[in-house]
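Below is one structure; the comments refer to it alone.
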Amino acid sequence: MRAAVDHLFRQGRLLLWGIPATSVLVQTLLDRAADGDAAEAGAAIERLAAAPADALTAAEPSCGSCGTELPPDSRFCNKCGAPV
């Protein structure tokens, strides 16, 4: 889950998947309550809070491999075939 959230942040997909994924990550960490989980959950919340406002607005998704803009429901890139 951590890797998925990191990937969404790097790809700039905060609104579409990043916010819900961060929510799941935070809830999972808080439920598990292992050493360091509360701090990691706090860091995930802070990263989301610090995101630029324009990153939280709806934008057309793009391929992480070739940069092609994609329809919102795409699972694969129309140009290079990479999974989205």
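The values are calculated or read from the model by the stated rules, or taken from the named source; none is laboratory data. Every value quoted in this text rests on a predicted model; they were computed, and no experiment measured them. Positions of Cβ are backbone-derived with ideal geometry, glycine not excepted, and every protein chain shown enters the neighbour counts.
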Whichever residue in the stretch 1-44 is of a type in the set (D, E, K, R), in a helix (DSSP H, G or I) and more than 8 Å from the chain's Cα centre (by Cα) and, among such residues, is nearest to residue 71 (Cα to Cα):
2
Restricting attention to the stretch 47-81, which residues are touching a Ser or Thr at 6+ places or on another chain (Cβ under 7 Å), assigned to a loop (DSSP other than H, G, I, E, B) and at pLDDT 85 or above?
68, 70, 77, 78, 79, 80
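Does residue 84 satisfy the condition of being touching a helix residue (DSSP H, G or I) at 6+ places or on another chain (Cβ under 8 Å), at pLDDT 80 or above and surrounded by 15 or more Cβ atoms within 10 Å (Cβ to Cβ)?
Here the answer is no, as residue 84 does not meet what is asked.
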